[in-house]
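A short worksheet on the structure shown next.
All of the numbers you see were taken from the coordinates with simple rules; none came from a lab. All values derive from a computational prediction rather than experimental measurement. All Cβ positions, even for glycine, are placed from backbone atoms using ideal geometry, and neighbour counts span all protein chains on display.
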Amino acid sequence: MSLSKIFAELAEAMGKEISDTSLIQIFSNLLKDVESDVRMTAVQSLAKFIKFVSPEKLALIIPQL
C-alpha cells in the first residue's frame, strides 16, 4: 500500500517520459491488486498521477477503473 500512497509524487519526480513508459504499467497493476486497500489508495492518487501521463496512455488504466 505504501507505493500506491506516494505514486503521484513518484511520477512527478520521474517525469512524464518515464511515467508513460514504465510507471503506467505499475499503476495499472496497483489498480488490479488483490488487496482492496491498495486499489483504493491507487484510485485516490489517480487525479494527481494522470497529470504526468499522456492521454493516449490513459487507455491502459481505464479498463481497471
Seminar exercise, completed: For the chain the mean separation of alpha carbon contacts under 8 Å (6+ apart) over residue count, i.e. relative contact order in percent, is 46 percent
Problem set entry | Cα-based shape type of segment 2-64, given that a ≥ b ≥ c are square roots of the gyration tensor eigenvalues and the cut on a/c is 1.5 | oblate
Exercise. Using the Cβ atoms and a cut-off under 12 Å, what net charge is assigned to the surroundings of S19, where Lys and Arg are +1 and Asp and Glu are -1?
Worked result: 0
Exercise. How much length, in nm to one decimal, is gained on full extension between A59 and M40, taken as 0.36 nm per residue of separation minus their Cα-Cα distance?
Worked result: 4.9 nm
